[in-house]
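Colleague: Handing you a structure now.
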Amino acid sequence: MRTVSGIKGFADIFPPESSRFTAIEAAAHQVFGRYGYVELRTPLVEHTELFCRTLGEETDVVQKEMYTFSDRKQRSLTLRPEATAGVVRAYIASGLHSRESVSKLFSLGPMFRYERPQKGRMRQFHQINCECVGAYAPQTDAEVISMLMAFLREIGIADASLQLNSLGCAACRPAYRALLAEYLRSLEASAFCEDCRRRMETNPLRVLDCKIAGCREHAGAAPRIMEHGCQDCREHFDCVLALLNALHVPFALNHRLVRGLDYYMRTTFEVLSGRIGAQASIAGGGRYDGLVASLGGPDLPGVGFACGMERLSLLMPAPKAQRLDFFLVCIAKEAHNIAFLLAEALRAQGLAGDMPHTGGSFKSQMRQADRSGARFCCVLGPDELEAGTVMLKNMDTGEQRSLPQADAATAIAREQN
Ligand code: HAM
């Protein structure tokens, strides 16, 4: 019969990658917990309108990359392409703002974007997402960024570089936008790609970070946003930079860093790695002070980031494989039930172990014990069965001894250290 294949860009994640994912998730709980974050799980599917309104109609995500479908009542739904919009929707719906002045929420899970799959870029990928809603202070931006770098260090990524920009605010960005649009219009339009010719009118900032190098070069002398920000924005950003310097967090300023989603204002940042080819961005985020209000909530600010787990996994050192404590070898076929019950008794005492599920000769079972990498092999031969004992073989030293079955767990546990 013909086999059914998986969907392009949707991966099955086996060990060792799944172990890396587990290690990433454990580190997220640990590091973010230290900063007072709690976990929020939101649905994988939202009303399409949520993403159109928050990410921006002009963004690649909304225009080209969303998995959108109608449900049985013809409502337009979308598989979440990112987490922030859903987190903010949930934040407003739950009324969290009326109970806490600042909410720190982190989420993990799959996101969906219809992109061209390649190394580090999937159509179903996984993000670790943190949002701090309710605080304007530059200390909050510095805390979020410092926490991200601490998290990356915790999972063994110490060589990634941090880039920062400030996109101005509702007060100063419109004037900068108009200035930039005017400048771009003064350039030879045919040198820009089709997307940029459109963006020039709809969202000129996006021209600055076009994926096509020719467009970026053509706009190389464009006015820089940081030089046109208002006093408040400059002071806010200067304080973020001063705090990062005080924490010895290295960074570089990048005036082209406008990010691919429209909700950002003021601080934006990205963490890049030179070790994963074209998909250099391992994390990105920033401040989104108008987003909560734009979804019908109170006028509260927010700042956060997301990391791509597939990309983190490519950069992480291999996690230490977890070793089984025992592998049970049972020679007499008629004693398989006894072997099974002994294995369960050992697991009930906290040990990790396995036994051959397909039987086989003594030799083949010993080969399986070897391959399993277990620390001990427990042999149940005819003599052991008769005496109620087990032969315990230390697989590292080859040393073996016979002992009562009831003492096996203690003996294995004792030799653990
Ligand atoms: P983003 O830059 O679109 O931001 O995505 C964040 C991270 O997700 C990227 O740096 C990358 O590591 C990973 N990523 C994105 N697309 C893919 C893909 N197709 N395959 C694998 N990994 C991918 C956001 O999503 C914002 N919501 C972040 C944020 C949170 N801003 C504020 N709060």
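Colleague: Of all residues in region 224-264, which are in contact with a Pro (Cβ under 6 Å, 6 or more places away or on another chain) and buried (at least 17 other Cβ atoms within 10 Å of the Cβ)? Give the steps one after another, and end with the answer.
Modeller: If we filter region 224-264 for residues that are in contact with a Pro (Cβ under 6 Å, 6 or more places away or on another chain), which is where we start, we get 236, 239-240.
His236, Val240 - these are the residues of region 224-264 that are in contact with a Pro (Cβ under 6 Å, 6 or more places away or on another chain) and buried (at least 17 other Cβ atoms within 10 Å of the Cβ).
Colleague: Determine, yes or no, whether Ile157 is more than 30 Å from His228 (Cβ to Cβ) and either part of a helix (DSSP H, G or I) or not charged (D, E, K, R) (or both). Spell out the reasoning first.
Modeller: Working: more than 30 Å from His228 (Cβ to Cβ): yes; either part of a helix (DSSP H, G or I) or not charged (D, E, K, R) (or both): yes.
Here the answer is yes, as Ile157 does meet what is asked.
Colleague: Could you say whether any residue in region 330-340 is under 30 Å from Ile92 (Cβ atoms), over 19 Å from the mean Cα position of the chain (by Cα) and buried (at least 22 other Cβ atoms within 10 Å of the Cβ)?
Modeller: Within region 330-340, the subset under 30 Å from Ile92 (Cβ atoms) is none.
Within region 330-340 (the criterion being under 30 Å from Ile92 (Cβ atoms), over 19 Å from the mean Cα position of the chain (by Cα) and buried (at least 22 other Cβ atoms within 10 Å of the Cβ)), the answer is no, since none of the residues qualifies.
Colleague: Sort out which residues of region 224-233 are touching a residue at least 40 places away in the same chain (Cβ under 8 Å) and over 30 Å from the mean Cα position of the chain (by Cα), and write them in order of number. Please lay out each step first, then the result.
Modeller: Step one: filter region 224-233 for residues touching a residue at least 40 places away in the same chain (Cβ under 8 Å), giving 225-226, 228-230, 232-233.
Result: His228, Gly229, Cys230, Asp232.
Colleague: While we're looking at this one, here's another question. Which residues, counting only those in region 258-267, are closer than 15 Å to Ser281 by Cα and touching a Leu at 6+ places or on another chain (Cβ under 7 Å)?
Modeller: Val258, Leu261
Colleague: Residue pairs, Cβ under 6 Å, 6 or more apart or interchain, first in region 283-302 and farther than 19 Å from Phe51 by Cβ, second of a type in the set (Ser, Thr, Tyr) and in a strand (DSSP E or B). List them.
Modeller: So the pair list comes out as Arg287/Thr267.
Colleague: Still on this structure, I have one more. Exactly one of (1) within 30 Å of Arg153 (Cβ to Cβ); (2) outside any helix (DSSP H, G or I); (3) free of Cβ contacts under 8 Å to residues at least 12 places away in the same chain is unmet by Val249. Its number?
Modeller: That leaves (3) as the condition not met.
Colleague: Go through region 369-411 and count every residue that is out of contact with any helix residue (DSSP H, G or I) (no Cβ under 7 Å at 6 or more places or on another chain) and in a helix (DSSP H, G or I).
Modeller: Counting residues in region 369-411 that are out of contact with any helix residue (DSSP H, G or I) (no Cβ under 7 Å at 6 or more places or on another chain) and in a helix (DSSP H, G or I) gives 13.
Colleague: Can you tell me which residue within region 196-223, out of those that are touching a residue at least 60 places away in the same chain (Cβ under 8 Å) and surrounded by 16 or more Cβ atoms within 10 Å (Cβ to Cβ), is nearest to the chain's Cα centre (by Cα)?
Modeller: Here the answer is Arg206.
Colleague: Looking at Arg259, Arg275 in this structure, which one is of a type outside the set (A, V, I, L, M), under 18 Å from the mean Cα position of the chain (by Cα) and more than 11 Å from the ligand (Cβ to nearest atom)? Before you say what the answer is, go through the steps one by one.
Modeller: Numbers: Arg259 fails: more than 11 Å from the ligand (Cβ to nearest atom).
Of the residues listed, the single one that is of a type outside the set (A, V, I, L, M), under 18 Å from the mean Cα position of the chain (by Cα) and more than 11 Å from the ligand (Cβ to nearest atom) is Arg275.
Bear in mind that the values in this text are calculations on the coordinates, not laboratory data. This structure is a prediction, so every number in the text was calculated from the model and none was measured. No Cβ is skipped: glycine too gets one built from the backbone with ideal geometry, and neighbour counts run over all protein chains shown.
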